[in-house]
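This report concerns only the one structure given below.
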Amino acid sequence: MRNKGKEFVLNVAILVIAFMALMPLLWIFVTACKSQPEILKEPLRIIPVRNMFLENLKTVWGRCDWILYFKNTLLLTVMIWAVQMLVAIPAGYAFGVLKFPGKDLLFLLVLTRLMVSPESTMLANYLTVLKLNAYDTRIGIMLPYVVSAQAIFMFRQAFKQLPSSLMESARIDGCTDFRYMLHVGIPLIRPYILSFSIITCVFQWNAFFWPMLITKSPDKRILPVAMTFFGLQAESGSEWGLTMMAALIVTVPLLLTFIIFQKQFINSFVTSGIK
């Protein structure tokens, strides 16, 4: 009976936490279904007097070129992810497996980068992008994210967990370090790669301050920046229903991706060690 009681309390606690986590999204949806007068008159009303979801969606979609912003966001997310993988996987392999002079010092610099907040380097990055004539370009948005210290650290730890007998056997067979990393190491650390891919893709999809700072042309905007400028279009006050609808447009792709691939997402985070 005690076990059942503990299980019941645990389930209730999980439901409460899940509801608290979903509450902001539910409130965004409820607000997106209301008209502006209703929001101002009865902001706490859960069920709208008149469902304005389709009307608000049509209005929001017609005001901006959301297809372009989706393309920009998706393109930048994929490009940054690909470059980070090309840099971080070989770097993680070198720090985790290879032996070379200055290895510990270089890895210390990587750890130091993890301790520095991104905001403290914003001005230096901005001036660097200006000197490279990359302002208001996709390259300018990408540059600060090309090297990810978090990814290098994660992959270094993953490669260090590989049994040394695997490398010894591969070298006896004449396998080079590059082939070993490509054909043996990468398949075995796939859960770590997927975990970081989720982290970086969500971060880049929601990136706001740097893309807004480094771009000025509307055709270079990504979804979070476009949503901000959409909120500034109102001539009198904030159009909360339309703004919440714009927030849904930005958020729904990530939610659908999680729903479709939730099993892979969960497995990537709970998988530890090498079988």
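Remark: the E168-L86 segment gains 27.0 nm on full extension, using 0.36 nm per residue and subtracting the alpha carbon distance. Scalar couplings 3J(HN,Hα) for segment 240-256, obtained by applying the Karplus form with A = 6.51, B = -1.76, C = 1.60 to θ = phi - 60°, are 5, x, 5, 5, 5, 5, 4, 5, 5, 4, 6, 8, 4, x, 5, 5, 5 Hz; x denotes Gly and Pro. Extending 7 Å from Cα along the Cβ direction at I266 and again at L75 yields two label points whose distance is 3.7 nm. Computed from point charges on the beta carbon alone (+1 for Lys and Arg, -1 for Asp and Glu), the dipole magnitude for the chain about its Cα centre is near 540 Debye. Normalised by the number of residues in the chain, the average gap of Cα pairs under 8 Å and 6 or more apart makes the relative contact order 30 percent. The calculated FRET efficiency for V49 paired with F209, based on their beta-carbon distance and R0 = 41 Å, is about 0.60. Once the chain from I199 to I67 is taken as fully extended at 0.36 nm per residue, the excess over their C-alpha distance is 45.1 nm.
Classified by the C-alpha gyration tensor, segment 140-180 has an oblate form. Its axis ratio a/c, with a ≥ b ≥ c, is 1.5 or above, and a/b does not exceed b/c. Relative to its residue count, the chain spans a Cα convex hull of 202 Å³ per residue. Each of E119 and T176 was given a label point 7 Å from its Cα along the Cα-to-Cβ line. The distance between the two points is 4.6 nm.
Extension gain for L111 to L22 (0.36 nm times residue separation, less C-alpha to C-alpha distance): 28.6 nm. Taking amide H positions as modeled 1.01 Å from N, with prolines and chain starts lacking one, no residue 5 or more places away or on another chain lies under 5 Å from C33.
All of the numbers you see were taken from the coordinates with simple rules; none came from a lab. These numbers were taken from a predicted model, which means no experiment stands behind them. Note that each Cβ is placed from the backbone with ideal geometry, even for glycine, and that neighbours are counted across all protein chains shown.
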